[in-house]
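Participant: Quick one: this structure, given as structure tokens, is what I'll be asking you about.
The values are calculated or read from the model by the stated rules, or taken from the named source; none is laboratory data. All values reported here derive from a predicted model rather than from experimental measurement. Every residue, glycine among them, receives a Cβ derived from its backbone with ideal geometry; neighbour counts consider all protein chains shown.
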Amino acid sequence: MKNAGAYVNPQKCDRSPFCPARKACPAKAISQAKLGLLARGPAVVDQEKCTACGTCVTMCPHGAIIIRKGKQKKRA
């Protein structure tokens with residue numbers, strides 16, 4: 001079984017450079033590719049860093065992030 005973790009639906013992500021989910025992630029697991037001065041790609045979750053805490057789900061105003069079920073990772 002895969003580990004639990006956040007997943008971003010790129011069709012729902014608005015690609016904002018001010019992404020509140022990215023800024024709120026305590027594990028700094030969310031990133032976005034820089035495409036220009038204020039242009040960004042969709043948010044991407046680094047599954048190695050993600051702790052599946054759910055903060056990003058709460059903070060995403062577009063409902064683009066879900067937590068995939070799986071076994072919970074141990075926190076260091």
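Participant: Identify all residues within the stretch 48-62 that are in a loop (DSSP other than H, G, I, E, B) and within 11 Å of ARG22 (Cβ to Cβ); write none if there are none. Full working, then the answer.
Facilitator: Restricting attention to the stretch 48-62, the residues satisfying the condition of being in a loop (DSSP other than H, G, I, E, B) are 48-54, 60-62.
Correct list: CYS60 only.
Participant: What do you reckon, is ALA24 out of contact with any Ser or Thr (no Cβ under 6 Å at 6 or more places or on another chain) and either of a type in the set (A, V, I, L, M, F, W, C) or buried (at least 16 other Cβ atoms within 10 Å of the Cβ) (or both)?
Facilitator: no
Participant: Could I ask something else about it? Restricting attention to the stretch 3-15, and to residues there that are at pLDDT below 95 and of a type in the set (Gly, Ala, Ser), which single residue is surrounded by the most Cβ atoms within 10 Å (Cβ to Cβ)?
Facilitator: Within the stretch 3-15, the match that is surrounded by the most Cβ atoms within 10 Å (Cβ to Cβ) is GLY5.
Participant: If a residue must be of a type in the set (Gly, Ala, Ser), in contact (Cβ under 8 Å) with a residue 12 or more places away in the chain and not in a strand (DSSP E or B), how many such residues does the stretch 22-47 contain? Give the steps one after another, and end with the answer.
Facilitator: If we filter the stretch 22-47 for residues that are of a type in the set (Gly, Ala, Ser), which is where we start, we get 24, 27, 29, 31, 33, 36, 39, 41, 43.
Imposing the further condition that a residue be in contact (Cβ under 8 Å) with a residue 12 or more places away in the chain reduces the set to 24, 27, 29, 31, 39, 41, 43.
Those left that are additionally not in a strand (DSSP E or B): 24, 27, 29, 39, 41, 43.
Total satisfying the criteria: 6.
Participant: Would you point out which residue out of LYS28, LYS12 is in contact with a His (Cβ under 8 Å, 6 or more places away or on another chain) and of a type outside the set (A, V, I, L, M, F, W, C)?
Facilitator: The match here is LYS12.
Participant: Is there a residue in the stretch 10-21 that is assigned to a strand (DSSP E or B) and free of Cβ contacts under 8 Å to residues at least 24 places away in the same chain?
Facilitator: no
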